[in-house]
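Asks: Take this structure, written in structure tokens, and hold onto it; I'll ask about it next.
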Amino acid sequence: MNKAHTEEQFKSFMSQLIETNATLGFFSDFEKISANVDAISIKLNQLNYLVGKEDLKTAVLRLWNENPKVFNVLDILIAVRSNDKKKAIARNGQIQLIEDFFKTPEGVIEYLEDTGLKNVLQDKQVTNLVDYVFGVETGLDTNARKNRSGDIMGNKVAEIFQKNGIIFRREVYSTEFEEMKCLGEDRKRFDFVIKTRAKTYLIEVNFYSGGGSKLNEVARAYSELAPKINQFDNYEFVWITDGQGWNSARSKLEEAYYAIPSVYNLTTINDFLTIIKKSVGAI
């Protein structure tokens, strides 16, 4: 099989990969963090009643009689979200949902004692649970960074297209195109679609600053996807990727690079723009 690119082109492609696409705003989404805290701030303020109480059991019972629902947010104090449905082993040896500890005052007391929160509250290691949860939410938000990295790459590519007057659509399903029945019954969502008079370009965009098994899977999947799309003269698969995470999956990327004619990074994307502009008008 003829290679879509030369070894020299691949070496050049790898040398161009950038270390990160993160701006300072990438690291924490404070708008989302604030919204999450605000949603439970009333209950957290009520739970502040427990801070510094030597007789925590009596304090829990008093608060329970006042409003038992305030304890429903206790899981976030150990960085667990309710919708995660996390489980733990109770003192009776039974495995149960963490949220089930909050159904009785006895369960709440067991939870506070066995998690270590009892000492944290009694010793005033935390004085305001709203502020504390803001910190917890900031920590949990780091789990979303991987998704944000992809979003940043997509937005960057969209910005490049816009600046160059390229008309495009985002997040388009393969079912819109009759020929794409060749991809099987599963609906494939493309990050971008650019339609010109000559061709329709189905585009995937991603960025990897770190390694992992996913990179190998992505490279393999796109190597299989491209020829299915490219068998039609009026369609072309385009892959725009970047990030030095590819250094850990170099061999798989190399295989894909030789198999897929249209692979670009943020440096070579200008070559793709030139192709689009030379088309007989975008539509």
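FYI, it's all coordinate maths here, none of it is from the lab. Predicted, not measured: the structure shown is a model, and the values here were computed from it. So basically every Cβ, Gly included, is an ideal-geometry build from the backbone, and we count neighbours across all protein chains shown.
Asks: Report the label-to-label distance for residue 244 and residue 176 in nanometres (one decimal), using points 7 Å from each Cα along the Cα→Cβ vector.
Replies: Roughly 3.7 nm, to one decimal.
Asks: Sticking with this structure for a sec: For a quick check of your reading of the filter: which chymotrypsin sites (Phe, Trp or Tyr not before Pro) in segment 7-50 sit in a DSSP loop and have no more than 13 other Cβ atoms within 10 Å?
Replies: 27
Asks: Right, next: Before anything else, pin down the relative contact order of segment 26-142: Cα pairs under 8 Å, at least 6 apart, normalised by residue count, whole percent.
Replies: 40
Asks: Which distance in nm do the two modelled labels at residue 97 and residue 232 give, with both placed 7 Å along the Cα-to-Cβ direction?
Replies: Those two pseudo-labels are separated by 4.5 nm.
Asks: Which one of 67, 51, 4 is farthest out on the positive end of the charge dipole of segment 1-75, using unit charges on Cβ (Lys, Arg +1; Asp, Glu -1) and the Cα centre as origin?
Replies: 67
Asks: Given a Förster distance of 45 Å, report the FRET efficiency between residue 251 and residue 30 from their Cβ-Cβ distance, rounded to the nearest 0.05.
Replies: E(calc), rounded to 0.05, equals 0.65.
Asks: Can I ask one more? Length gain on complete extension for the stretch residue 138 to residue 86, per 0.36 nm per residue less the alpha carbon to alpha carbon distance?
Replies: Length gained, residue 138 through residue 86: 16.7 nm.
Asks: Determine Rg/Rh for the chain; Rg is computed over alpha-carbon atoms and Rh is the Kirkwood hydrodynamic estimate from the same atoms.
Replies: 1.15
Asks: DSSP beta bridges in the chain, what fraction antiparallel, as a percent rounded to 5?
Replies: Percentage antiparallel, nearest 5: 55.
Asks: Which translational diffusion coefficient, to the nearest whole µm²/s, is obtained for segment 177-229 from the Stokes-Einstein equation, given a Kirkwood hydrodynamic radius over C-alpha pairs, 37 °C and 0.692 mPa s?
Replies: Here the translational diffusion coefficient equals 256 µm²/s.
Asks: Here is a further query. Restrict the search to segment 47-102; then list the GluC sites (Glu not before Pro) that DSSP places in a loop and that have at most 11 other Cβ atoms within 10 Å of their Cβ.
Replies: 54
Asks: To check my understanding: the extent here is largest minus smallest coordinate of the Cα atoms along each principal axis. What are those three numbers for segment 26-142, in Å, largest first?
Replies: Principal axes ranked by extent give 43, 30, 23 Å for the Cα atoms.
Asks: Hey, another quick one. So, with +1 on the Cβ of K and R and -1 on the Cβ of D and E, and no other charges, what is the size of the charge dipole of the chain about its Cα centre, to the nearest 20 debye?
Replies: Taking the Cα centre of the chain as origin, the dipole is about 440 debye.
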